[in-house]
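To start, the structure under review is shown below, and the notes come after it.
The values are calculated or read from the model by the stated rules, or taken from the named source; none is laboratory data. None of these values were measured; they are calculated from a predicted model. All Cβ positions, even for glycine, are placed from backbone atoms using ideal geometry, and neighbour counts span all protein chains on display.
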Amino acid sequence: MAKKFDKDELKKLTEELLVNRRNGFFQMEDETVKKADEFCEDYKAFLNLSKTEREVVVYALKAAEKAGFVPFDPEKKYKAGDKVYYNNRGKALILAVIGRNGCKNGVRIAAAHIDSPRLDLKPHPLYEKDDMAFFKSHYYGGIKKYQWTAIPLAMHGLVVRKDGVSVEIRIGEEEGEPQFCVTDLLPHLSSEQMEKKLSKAIEAENLNIVFGSRPVRADEGENLVKLNVMRLIHEKYGMTEEDFVSADIEFVPAFKAVDVGFDRSMIGAYGHDDRVCAYPALLAALHTETPENTILTVLADKEEIGSDGNTGLNSQFMRYFISDMAQAEGLESRHVLSKSKCLSTDVTAAFDPNYADVYEPNNSCYINNGVGMAKYTGSRGKNGSSEATAELVSEIRNIFDKNNVLWQIGEMGRVDAGGGGTVALYIANLNVDVLDVGVPVLSMHSPFEVVSKLDVYMTYKGIKAFYEAK
Ligand code: MN
Ligand code: MN
């Protein structure tokens with residue numbers, strides 16, 4: 001007869017053999033929860049200052065310089081513990097801390113992206129229609145367009161004027177500053193709109209941003225509202241309408257990052273994807289003193305539109321940087337890359353009970369269950385994904401376990417429900433070992449994304465443990 005287990009034996013056997021998927025909160029000491037809450041206060045402050053890729057770079061550079069990082073000089077020889085950075089056009093950044101082994105045994109990379117979905121301006125954005133002035137926008141990244149109407153927007157960006165002077169714009173964030181918006185149709189007159197498919201209800205060419213309604217006082221003339229607002233813009237920024245052609249202007253949600261829930265366990269904010277990994281990756285680099293192997297935090301642009309372009313990770317900027325480091329140590333960059341390991345730190349979908357049918361519950365990431373790993377991403381049978389090897393997943397989970405990093409592993413959603421990708425494959429294409437890890441997010445790509453504080457902190461601890469691993 002088969003052995004019969006009593007209550008205690010059954011408990012022991014279960015603990016030994018089965019995965020424990022209880023709410024991660026129960027696996028954490030109060031002290032850790034407190035640390036996570038404190039970490040997230042700083043994270044919220046970072047979010048409020050850093051709503052565009054350029055603003056993240058400014059924040060990160062300031063923090064890095066304070067921590068002793070200096071501009072990387074390819075001609076120079078560095079020693080263990082030296083801290084350097086490479087600023088790529090103010091839109092992407094690499095921070096490196098030189099390890100005891102230099103890059104002889106490869107480097108350890110955490111790569112996050114710092115661009116988020118938003119509304120950009122077209123090159124000729126200004127127009128007036130029926131006595132109202134609007135900006136024409138061109139959306140950036142994967143948005144559900146209906147989510148971007150009837151919410152307060154702030155204007156961020158940089159204009160390089162005809163005279164060559166660069167002017168920074170940031171309006172709609174401080175108390176008392178004006179904000180902007182895309183209007184939506186009132187329900188009373190929406191009977192036709194409500195019959196449309198969600199993807200068609202708001203057209204991209206209707207995402208026009210209201211920015212004024214009072215004309216210049218004159219007896220005659222056209223476009224008097226537009227002219228009046230342009231006059232105010234000129235007063236403030238010294239720019240003309242034509243200067244909009246040489247500008248990077250982004251409209252982003254004007255809300256501040258806030259706690260969500262009576263228990264304050266979550267954070268609601270714009271742009272968690274992927275600043276919720278970029279911030280932990282930044283702090284992990286700032287807090288790593290002399291690692292075994294050289295470590296790199298890479299904050300990249302353009303992930304939301306496919307990572308193409310010279311500030312995205314499908315370009316060569318990270319490879320060139322590693323190449324220069326390798327050369328300074330008398331090594332071939334291809335040998336360094338082939339021995340390197342990378343955490344592609346990007347968000348994943350958190351299981352949402354309100355939309356449970358697009359998830360597969362056994363293989364989803366849940367909020368409060370720690371940093372989420374994804375062995376692969378992609379869609380339609382793992383297409384467009386790099387898959388981490390069993391060996392790499394084993395190594396990372398052991399590092400996490402040894403350092404009390406609460407982690408989970410899952411897929412983005414049900415097979416064939418859709419899918420997505422990260423920068424993982426571009427780095428893996430350099431023959432680097434890459435694993436996706438990151439924070440599970442609710443309402444991803446919406447103007448108000450939600451994450452759990454515990455997961456943010458565990459992502460920081462995870463990256464730091466990876467950097468410090470022998
Ligand atoms: Mn992302
Ligand atoms: Mn995204």
Would you check which residues across the range 389-409 are surrounded by fewer than 20 Cβ atoms within 10 Å (Cβ to Cβ) and in a helix (DSSP H, G or I) and list them?
A390, E391, L392, V393, S394, E395, R397, N398, I399, D401, K402
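To keep it simple, each residue is scored yes or no on (1) part of a loop (DSSP other than H, G, I, E, B); (2) charged (D, E, K, R); (3) without any contact (Cβ under 8 Å) to a residue 12 or more places away in the chain; (4) within 30 Å of F317 (Cβ to Cβ).
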position: K104; (1), (2), (3), (4): yes, yes, no, yes
position: D115; (1), (2), (3), (4): yes, yes, no, yes
position: L119; (1), (2), (3), (4): no, no, no, yes
position: Y146; (1), (2), (3), (4): no, no, no, no
Does the range 285-295 contain at least one residue that is within 27 Å of R118 (Cα to Cα) and out of contact with any strand residue (DSSP E or B) (no Cβ under 9 Å at 6 or more places or on another chain)?
no
Go through the range 259-296 and count every residue that is under 22 Å from S340 (Cβ atoms) and either more than 16 Å from ligand 1 (Cβ to nearest atom) or surrounded by fewer than 22 Cβ atoms within 10 Å (Cβ to Cβ) (or both).
14
Please state which of the following conditions R414 fails to meet, knowing it meets all the rest: (1) more than 16 Å from ligand 1 (Cβ to nearest atom); (2) of a type outside the set (A, V, I, L, M, F, W, C); (3) out of contact with any strand residue (DSSP E or B) (no Cβ under 6 Å at 6 or more places or on another chain); (4) in a helix (DSSP H, G or I).
(4)
Residue in the range 61-72 that is part of a loop (DSSP other than H, G, I, E, B), within 16 Å of ligand 1 (Cβ to nearest atom) and at pLDDT 95 or above present
no
Lone unmet requirement of (1) of a type in the set (S, T, N, Q); (2) modelled with pLDDT of 95 or more; (3) surrounded by 14 or more Cβ atoms within 10 Å (Cβ to Cβ); (4) more than 16 Å from ligand 2 (Cβ to nearest atom) for S386:
(2)
Of the listed residues (K341, K375, K402), the one being touching a residue at least 60 places away in the same chain (Cβ under 8 Å) and more than 21 Å from D274 (Cβ to Cβ) is K402
Let me confirm something: among A110, A96, which residue is closer than 25 Å to L61 by Cα, in a strand (DSSP E or B) and more than 16 Å from ligand 1 (Cβ to nearest atom)?
A96
Working only within the range 300-329, note down all residues that are aliphatic (A, V, I, L, M), over 18 Å from the mean Cα position of the chain (by Cα) and more than 21 Å from L61 (Cα to Cα).
A326, A328
The number of residues in the range 421-449 that are small (G, A, S), more than 13 Å from ligand 1 (Cβ to nearest atom) and assigned to a helix (DSSP H, G or I) is 1
